[in-house]
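Worksheet: the structure to be examined is printed underneath.
The values are calculated or read from the model by the stated rules, or taken from the named source; none is laboratory data. Source: prediction; values computed, not measured. With ideal geometry, Cβ positions are generated from the backbone for all residues, glycine too; neighbour counts draw on all protein chains shown. What goes into the accessible areas is simple: the full protein's heavy atoms, side chains included, and nothing from ligands, DNA or RNA. Shrake-Rupley method; radii C 1.70, N 1.55, O 1.52, S 1.80 Å.
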Amino acid sequence: MKRREFIAGFGATASACFLSPPTARAQQSAMPVVGYLSSRSPGESEAVVSAFRQGLGEAGYVVGQKVALEYRWAEGNYDRLPALAAELVGLRVAAILAAGGPPSALAAKKATSKIPIIFSAADDPVGVGLVDSLSRPGGNVTGMSVFNSTLIAKRLDLLHELVPSARTVAYLANPANPSARLEVGAAQEAAKTLGINLQILSASNDQEVEAAFARLAELKIGAIIIAGEPYFDSRRAAIVELAARHAIPASYSFRENVALGGLLSYGTNLNESYRNAGIYCGRILKGEKPADLPVMQPTKFEMSINLKTAKALGLAIPPALLTGADEVIE
């Protein structure tokens, strides 16, 4: 499928979700309907939507032939998620894919205890209250885990190696995300171990993000880590542009930021996480129970570096970093 056709397809569906009567659409379809509840935005979610559809197909559920998708997009506004989750529950969907971390997954879990829920990428799903345990989730929820808080120490270490002159590093977090507390704590502990001064900056909307970047010079920040967080993902291009405008070396969780001009990333492969979520969704549609499907954990972590951005910032990439990178963008 061509990129333009893909965006038109799921983007149009997403728009229709807010404009046309959902119950009528559900009744018109004899095939099972899966609700796609996302904290993120359709415009920047093309790759992960495609990966989820791929996983469904691998499990025997080709979208449009054996299963239909109903999209709901919060576009980084977490306060919209409860109402969007309630809409999907009202449609009596067969399952819900909670995309974009704990905010969407927790909203879906609060909305229903009966419809199966598969989360696409959640940091510490036990700690935030999504499942009872990783091996035996219990209830109606399971999905894919990411190690954002666990990987913060590695991300800080890589950034320090790349920008050793940075005496103070900022960590930009979204306090509206239940995972923020865990990730901030991990960042503070990692900074203490490395002997780095860490400044926590908070932002939950566009104005606060711009204000946080505006404070970098005032606080004498030498580099910044952006939390791996769905609201920040929904504003990915804008955040990368802000980092460039303020000429600040920035580290991200996912390679998508580096592809847009971000300096450095280290983390899990989101597309693979969504593909596996699609496979899990297909297994559930065939009759398996979320309670019996262990939360899947990533086994591979990727580092990406953008050489053009490094050059613009006047940074020389240490040879060891280049050798260890999984992707080098020139």
*Only residues that are outside any helix (DSSP H, G or I) and closer than 14 Å to T299 by Cα: list them for the range 259-283, please.*
Y266, G267, T268, N269
*For the range 232-255, does any single residue satisfy the condition of being of a type in the set (D, E) and open to solvent by less than 40 Å² (accessible area, probe 1.4 Å)?*
yes
*Within the range 305-314, is there a residue that is without any contact (Cβ under 8 Å) to a residue 24 or more places away in the chain, assigned to a helix (DSSP H, G or I), open to solvent by 10 Å² or more (accessible area, probe 1.4 Å) and more than 23 Å from L56 (Cβ to Cβ)?*
yes
*If you check every pair at least six apart or on different chains, which have Cβ atoms under 6 Å apart with a residue in the range 226-253 that is more than 23 Å from K154 (Cβ to Cβ) first and a residue that is basic (K, R) and surrounded by 23 or more Cβ atoms within 10 Å (Cβ to Cβ) second?*
S234/R40
_Only one of E218, E210 is within 19 Å of G261 (Cβ to Cβ) and open to solvent by 10 Å² or more (accessible area, probe 1.4 Å). Can you tell me which?_
E210
*1 or more residues of a type in the set (S, T, Y), touching a strand residue (DSSP E or B) at 6+ places or on another chain (Cβ under 7 Å) and open to solvent by less than 20 Å² (accessible area, probe 1.4 Å): qualifying strands (runs of 3 or more DSSP E) within the range 40-155*: 68-73, 117-123, 141-146
_Restricting the range 264-283 to residues that are touching a Lys or Arg at 6+ places or on another chain (Cβ under 7 Å) and within 23 Å of V328 (Cα to Cα), the residue that is least open to solvent (accessible area, probe 1.4 Å)_ = S265
_Quick check on the range 238-256: of everything there that is modelled with pLDDT under 95 and in a helix (DSSP H, G or I), which residue is nearest to N77 (Cα to Cα)?_
E256
*asked:* Going by what's in this entry, would Y36 be described as at pLDDT 95 or above and part of a strand (DSSP E or B)?
replied: yes
*Single match in T112, T150 (criterion: touching a helix residue (DSSP H, G or I) at 6+ places or on another chain (Cβ under 9 Å) and farther than 13 Å from Q297 by Cα)*: T112
_Return the residues of the range 159-179 that are assigned to a helix (DSSP H, G or I) and surrounded by 21 or more Cβ atoms within 10 Å (Cβ to Cβ); say none if nothing qualifies._
L159, L162
